[in-house]
1. In Å³ and rounded to a whole number, note down the convex hull volume per residue for the Cα atoms of segment 191-321.
2. How do 219, 47 rank when sorted from fewest to most other Cβ atoms within 10 Å of their own Cβ?
3. Can you sort 186, 390 by how many other beta carbons sit within 10 Å, fewest first?
4. Would you compute, for the Cα atoms of the chain, the largest minus smallest coordinate along each principal axis and list the three values in descending order, in whole Å?
5. Could you list, bin by bin from short to long, the percent of Cα-Cα pairs of segment 448-580 in 5 Å steps?
6. Count charges around residue 207 for me, please; just the other residues with Cβ under 12 Å from its Cβ, Lys/Arg as +1, Asp/Glu as -1.
7. Mean projection of the alpha-carbon convex hull of segment 326-411 over all orientations, in nm²?
8. Among DSSP beta bridges whose residues both lie in the chain, state the antiparallel percentage, nearest 5.
Amino acid sequence: MVVRKRDCEGCRMRGRTTAAATICALAAFLVTTGDAQTSKSLPHLERRSHATQLIVDGAPWLILGAELRGTASSTLSNMDPIWPELNSLHLNTVLLALGWDWIEPTEGHFDFTLVDGLIAAAREHHLRIVFLWFGTWKNGISSFAPSWVKSDQHRFPRSRLSSGRSVEIISPFSINARDADTRAYSTLMRHLRDTDVDHTVLMMQMENEVGLNGDTRDRDAAAEAAFTAPVPHELLDSLARHKASLSPALAQRWAERGSKSAGSWSDVFGDDVVGDEIFMAWNYARYLDHVSAAGKAIYPLPVFTNTALDEPWDKRVKRASSGGPQYYLLDVWKAGAPSIDFNGPDIYSANFAEMIAAFDRPDNVVFPPESLGDPHGVANAFYAVGAHRSLGYSPFGIDDTSWLINFRPDKGAPGTDAIDNTALAKGYAVLGNLAPAILTHQADGSIAAAWLNKSLPHQEILLGDYVIDVELRRSTRDQSFLSELGYALVMTDGPNGYLVAGSDVQITFRPRSGEDTAGLADAEVGRFVDDKWVSLRKANGDDVLLNYDLAGQAQTRQSGSGLRFLPGAPVIQRVRLYRYH
Ligand code: DGJ
C-alpha cells in the first residue's frame, strides 16, 4: 500500500499540536489509500502555489454557494420546492443546517433518514453540500440541542451570568455536554464516511456563531474555577511563538499586562471585558476542537467555524457575544482549536472588503459562509474570490427570495423577480463560466478585484505589466460618476491581455514602466464554452470611448479608451493591449 504525502492544510498551518498532527496523518492516510467506501480522494484543502483551494474529486472547486435559513433543511418535504430554485441560481454547493435534535432526538438513538434524503436530493440536483453542525450552539444559543439535553440542567449546566441567572446557553465548561455533542457528531461523521460514497458532503461547519450572550464571561462554578486556574501553557507558548504576527488588539492587551509567560487569567490578560473575552475564546475553542478532532479521526472532512462579527475592545459600540472566533481573537482560536481548518466571517455589513481582509491571514483560508445575496452580495462574491482567493461565496437565507433583493425582508419590498432573473443568479452564472479560469489564476497569483461605491469610487490594481484603474462608471459628457456600486474581477491573459468581468465600472490601463500609452488592440465581450473563449461581439467605438478630451488624456498617458461595464448583470470582456508614444 503506497502512502503519498499530501500537503495537508492542517499540518502546514502554524503551531499544531501532536494531536492535530495525528489527525492530519490519519487524514492523509485515508485520502491517499482510499478508505473502504471509495478510491476517490476525499474533499480536502490543499495549498496550490498562491492559494489554498478546496479539492473535490481531485480538482479545485470554487464554491458558488448559499446558505438556507436555519430550519429549511429540517424536513425533506420542506426542501422539495427549494432544490430547483438552487439550480436556477446556478449554485454548485448548498450550506444546510443539521440540528443535533434532528438526528438524535432520543439519547443514543440516531436517525439518519433526513441526512440520507438531503444527500440523495442534492445529488439528484447536481449539488454538493456543506453541513452546518448546529450541535450545542446555534447563534450562541443552545436551541438546536435535543430536549433531553436542554431539559437536564443538572447534567448539562448552563452558562450563568453575573446576575446569578442562567440563560439558554449550555456552558462551554460542561464536560458532559462536550462529550454528548462529540458522540453525536462522531456518529454523524461515521455515517457520512460509510454512506456518502460520492462525496456529496464537502465540508462541515462546527456549531454556529458561538460566543456568550449576556455577560463577558461565564460565571458557572466550573467556569469560575477555570478562571482562577493558570492560563494553559499551550496558549501562552503559542502566543510567544507568534508574537510578531499577533492581532494588534490581542498583542496590546498581552503587552499591557507584561507579556507574562505564566499566571492566572486575570494576571495575564486582566479581569475585565478584554480578559474575560480572551478566556471565553480559549474555552470555546477547546470545546469545538474536541468535537471536531473526534469527527476528523473518523472522517477527515475540512472543518470551519463562523463568526457573528464584533469590533475589538477599543472600537466596540455594543457587545454582541463574548469569545467567538473574531478576527482579533484568531491567535487564541488557532492555538485552542488546531483541528479546525479555518474560521470564516459572516459579513452583512457594508465594510465587506475590510472584514474579509481581516480574516485573510497566512494561517487562515478565506470563505464567508454567510453574507448578502442582493446586488451588493454579487459584488462581494467577485471581490472575495478575486482579491482574497476565497474558496467561494455564500449568501444567507436565499430560500426566501426577498433576501435576494434586499437582505432583510423588513428593509425592502418582498422579492417579486423570478429567481433566475435575480442579481445573484446572473452573477453566479458568470462566476460559474469563469470558475476554471478563476481557480487557475488564484493558484498563479494572477488575479485581482475591485469593489467600488460612492466613498471608494476608484481603485488601482497592479497586475501583470500594467496599472489597471477601475472606477465607477462615468458620464462621457462631463465625467461625473453615474453609478453607486461597481465591481470588477481582473485576470491576466498573456503578456498584454486581460480577462475582466464586472458591472457598472470602467477600466483603463497604463504600462507599469516606461513613457508609453496603452491602447486597446482588440476587445471582445464573450464567454467560455467547453473551456474555450467564444466571442459574442467586438467591443469598440461607443463601447470603449470613455473620455473624448484626447489632449487632456494624452497629458496623463491615457488614450481615452478603456473597457466599460454597464449596470446590471456582469459580463466578461477580453482585451489585448498595445503601446504607443
Ligand atoms: C446569522 C446566523 O448565523 C444565521 O444562522 C441566521 O440566524 C442569520 N444570522 C440571521 O440574520
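Values in this text are rule-based calculations from the coordinates and carry no lab data. What you are looking at is a predicted structure, and each value in this text was computed from that prediction instead of being measured. Every residue, glycine as well, gets a Cβ built from its backbone with ideal geometry; the counts of neighbours run over all protein chains shown.
1. Working: hull volume 18.3 nm³, N = 131.
Normalising the Cα hull of segment 191-321 by residue number yields 140 Å³.
2. Details: 219 19, 47 16.
Ascending number of Cβ neighbours within 10 Å: 47, 219.
3. Working: 186 18, 390 26.
Ascending number of Cβ neighbours within 10 Å: 186, 390.
4. Here the Cα extents, ordered largest to smallest, are 79, 57, 56 Å.
5. Reading the bins upward from 0: 2, 11, 21, 26, 22, 13, 4, 1, 0.
6. Details: positive: 138, 178; negative: 181, 209, 289.
With Lys, Arg at +1 and Asp, Glu at -1, the neighbours total -1.
7. On the way: hull surface 23.7 nm².
For the Cα atoms of segment 326-411, the hull's average projected area reads 5.9 nm².
8. Working: 69 of 97 bridges.
Percentage antiparallel, nearest 5: 70.
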